[in-house]
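Report on one structure; see the data block that follows.
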Amino acid sequence: MTTGPLLEVRDVEFRYPGKTENTLHNVSFAVTPGEFIALVGPNGAGKTTLARLLIGIHRPSGGRILMEGQDISGLTVAEISHRIGFLFQNPDHQLFEDTVWEEVVFALKNMGLPQEEIEDRANEVLEFCGLQHLRTRAPEGLSVGEKKRAAVASVLAMKTDVLVLDEPTTGQTWSHLEPLMAIIKRLNAAGKTIFMITHDMNLVVDYASRVMVLVGGRLCHDGDVSSLFTNDELIQSSHIELPAVLRLSRALEKSHGFRPCLTTSDLVTQVLGRLQCRT
């Protein structure tokens with residue numbers, strides 16, 4: 001069992017070839033098993049670059065990334081993918097097999113697992129992701145939400161410790177997003193570590209326990225969700241849009257003396273409390 005940090009980023013810098021300026025500057029943080037972390041910030045802040053460093057697509061220009069104390073610079077992308085799974089912003093960049101079943105078993109075959117274990121793992125994740133009825137379908141014929149769930153299933157089959165999500169809301173309606181986030185929430189409840197890049201602050205409030213803010217390639221905030229949304233200066237400098245419930249409660253604070261809140265249940269409680277006082 002892991003007792004220390006699962007993942008450590010130590011003074012990481014990154015500069016793209018041919019560029020004179022770093023995209024990331026001395027980024028440091030540690031991740032413990034089972035956390036649900038949201039990474040937010042304006043476009044161009046370096047969020048996706050950081051994610052690609054975590055999965056080995058890019059390598060740091062400076063600093064180190066450790067997985068349970070092991071420097072991942074000595075590992076191949078394939079080796080890292082056994083520990084850190086990645087869900088691309090566009091699932092079409094991740095799905096390439098003829099059927100959903102073949103998509104899920106592809107990496108397992110490359111791992112050299114016995115056929116019985118391959119089938120057991122594939123059936124388990126397809127059931128978990130609600131995709132058994134689509135197992136013979138071609139990925140290109142699926143909806144965006146179904147494609148993302150298929151991509152998650154292919155990652156889950158490898159039993160990774162960490163799942164990195166790059167903008168899971170992109171191109172999705174809520175009806176498609178909700179089943180995906182329900183899967184992610186269940187994974188986190190089962191002990192998986194989630195690292196989610198997003199612009200959707202409602203998603204941050206509903207799911208994350210910790211939020212990190214990147215601005216100009218620098219880590220400007222790392223703490224619980226409520227501490228971010230009480231920092232008006234940081235909200236303004238990082239161009240973060242306030243969650244809908246917080247915007248509404250702040251408006252009601254000015255007009256009716258409500259207390260600012262982040263969750264719908266908290267706001268409803270305040271509304272019901274005032275109605276009871278009037279009766």
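Just so you know, all these numbers are worked out from the coordinates, no wet-lab data involved. As the structure is a computational prediction, the values presented were derived from the model and not from experiment. When we count neighbours, we look across all protein chains shown, and the Cβ atoms used for this are built from the backbone with ideal geometry, even at glycine.
Are there any pairs with C-beta distances below 9 angstrom linking a residue in the range 261-279 that is free of Cβ contacts under 8 Å to residues at least 60 places away in the same chain and assigned to a helix (DSSP H, G or I) to a residue that is among the β-branched types (Val, Ile, Thr) and surrounded by 13 or more Cβ atoms within 10 Å (Cβ to Cβ), with the two at least 6 apart or on different chains, and if so which?
Every condition considered, the pairs that remain are Thr264/Val245; Asp266/Val245; Leu267/Val245.
Any residue at all in the range 206-213 that's in a loop (DSSP other than H, G, I, E, B), in contact (Cβ under 8 Å) with a residue 24 or more places away in the chain, basic (Lys, Arg) and surrounded by fewer than 21 Cβ atoms within 10 Å (Cβ to Cβ)?
Here is the first cut: in the range 206-213, the residues in a loop (DSSP other than H, G, I, E, B) are 208-209.
Applying the additional criterion that residues be in contact (Cβ under 8 Å) with a residue 24 or more places away in the chain yields 208-209.
Going one step further and asking which of them are basic (Lys, Arg), we end up with none.
The answer is no; no qualifying residue exists.
Return yes when Thr49 is in contact (Cβ under 8 Å) with a residue 24 or more places away in the chain and hydroxyl-bearing (Ser, Thr, Tyr) and no when it is not.
Numbers: in contact (Cβ under 8 Å) with a residue 24 or more places away in the chain: yes; hydroxyl-bearing (Ser, Thr, Tyr): yes.
The answer is yes for Thr49.
Tell me which residues, restricted to the range 241-257, are crowded, with 16+ Cβ neighbours inside 10 Å and farther than 12 Å from Phe229 by Cβ.
Scanning the range 241-257 gives Leu248, Leu252.
Find the strands (runs of 3 or more DSSP E) located wholly in the range 10-100 whose residues include 1 or more that are surrounded by 17 or more Cβ atoms within 10 Å (Cβ to Cβ), at negative phi and in contact with a Phe, Trp or Tyr (Cβ under 7 Å, 6 or more places away or on another chain), and list them.
Values: elements: 24-31, 36-40, 62-67, 84-87.
Correct list: 24-31, 36-40.
So, in the range 120-156, how many residues would count as being more than 17 Å from Asp92 (Cα to Cα) and touching a residue at least 40 places away in the same chain (Cβ under 8 Å)?
Matching residues across the range 120-156 total 4.
Identify all residues within the range 101-133 that are crowded, with 18+ Cβ neighbours inside 10 Å and assigned to a loop (DSSP other than H, G, I, E, B); write none if there are none.
Result: Cys129, Leu131.
It is to be established whether one or more residues within the range 160-174 are in a helix (DSSP H, G or I) and either over 30 Å from Ala30 (Cα atoms) or touching a helix residue (DSSP H, G or I) at 6+ places or on another chain (Cβ under 8 Å) (or both). Steps first, answer last, please.
So the first thing to find is which residues in the range 160-174 are in a helix (DSSP H, G or I), and the list is 174.
Filter once more, so that each one left must be either over 30 Å from Ala30 (Cα atoms) or touching a helix residue (DSSP H, G or I) at 6+ places or on another chain (Cβ under 8 Å) (or both): 174.
Taking every residue of the range 160-174 in turn, at least one turns out to be in a helix (DSSP H, G or I) and either over 30 Å from Ala30 (Cα atoms) or touching a helix residue (DSSP H, G or I) at 6+ places or on another chain (Cβ under 8 Å) (or both).
Going by the conditions given, is Asp92 without any contact (Cβ under 8 Å) to a residue 12 or more places away in the chain and closer than 28 Å to Ala151 by Cα?
Working: without any contact (Cβ under 8 Å) to a residue 12 or more places away in the chain: no; closer than 28 Å to Ala151 by Cα: yes.
For Asp92, the condition - without any contact (Cβ under 8 Å) to a residue 12 or more places away in the chain and closer than 28 Å to Ala151 by Cα - is not met.
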